[in-house]
Amino acid sequence: MYLYIKALHIIFVVTWFAGLFYIVRLFIYYTEAQDKPEPERSILQTQFGTMIKRLWFGITWPSAVLTLIFGPWMVILLGDIPGWLWIKLAFVLGLYVYHFLLHGIYKGLMAGRLKYTSTQLRIWNEVATIFLVAIVFLVVLKSLLSMLWALIGLVIFTICLLIAIRVYKKIREKK
């Protein structure tokens with residue numbers, strides 16, 4: 001039974017992350033459509049709004065809920081909680097906080113409030129990547145000492161992502 005629950009957990013983690021990655025990309029497109037002239041702006045924002053709503057409530061939220069069901073179920077079946085798993089659970093809690101913050105951005109966009117620029121949203125988009133890297137390293141390494149090295153790598157990875165976002169912004173501004 002444990003392996004079936006584990007498989008379902010992995011499936012819904014993957015679909016949840018797919019939703020988290022794509023939703024912020026759609027937020028970026030929705031925000032950038034604001035700079036278009038009418039009627040292009042309205043057409044694009046209507047289309048992106050529909051895509052955002054379907055992705056958020058059709059894939060991302062259900063996947064987050066099912067991940068939250070199958071994850072603890074696995075822990076119950078496992079019986080013992082090793083040290084590395086506590087750290088993973090802390091990252092997962094952070095991922096749910098991120099999910100709820102994205103829900104706030106979603107509500108704002110749907111109400112016509114554009115709180116973030118497309119560049120700021122690009123940074124938001126990388127937060128899920130950072131969580132993914134941290135969680136996968138923890139699950140694979142299952143070692144707190146190895147995790148220390150992984151965290152150092154995660155910090156370096158994060159810095160590289162932020163530099164890449166800046167470089168990309170400069171390239172876009174030149175066009």
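Each value in this text was obtained by applying a stated rule to the coordinates, not by laboratory testing. Predicted model, so just to flag it, every value in this text is computed and none were measured. Positions of Cβ are backbone-derived with ideal geometry, glycine not excepted, and every protein chain shown enters the neighbour counts.
Would you pick out the residues in the stretch 113-158 that are assigned to a helix (DSSP H, G or I), under 13 Å from Lys88 (Cβ atoms) and touching a residue at least 60 places away in the same chain (Cβ under 8 Å)? Residues satisfying the conditions are Leu132, Leu144, Met147.
Remark: Leu161 matches the filter, which requires a residue to be touching an Asp or Glu at 6+ places or on another chain (Cβ under 6 Å) and hydrophobic (A, V, I, L, M, F, W, C). Taking each residue of the stretch 33-49 that is of a type in the set (Phe, Trp, Tyr) and looking for partners that are surrounded by 13 or more Cβ atoms within 10 Å (Cβ to Cβ) with beta-carbon atoms closer than 6 Å, six or more apart or interchain, yields Phe48/Leu26; Phe48/Tyr29; Phe48/Tyr30. If the condition is being of a type in the set (Gly, Ala, Ser) and out of contact with any helix residue (DSSP H, G or I) (no Cβ under 7 Å at 6 or more places or on another chain), then the stretch 19-57 contributes only Ser42.
Selection of helices (runs of 4 or more DSSP H) fully inside the stretch 1-107 by the criterion of at least 3 residues being of a type in the set (Lys, Arg) returns 40-55.
Contact map, the stretch 76-95: residues that are surrounded by 11 or more Cβ atoms within 10 Å (Cβ to Cβ) paired with residues that are part of a loop (DSSP other than H, G, I, E, B) and among the hydroxyl-bearing types (Ser, Thr, Tyr), Cβ distance under 7 Å, separation 6+ or inter-chain. Pairs shown: Trp84/Ser143. Annotation: of all residues in the stretch 1-60 being within 16 Å of the chain's Cα centre (by Cα), aromatic (Phe, Trp, Tyr) and within 21 Å of Gly108 (Cβ to Cβ), the one that is surrounded by the fewest Cβ atoms within 10 Å (Cβ to Cβ) is Phe57.
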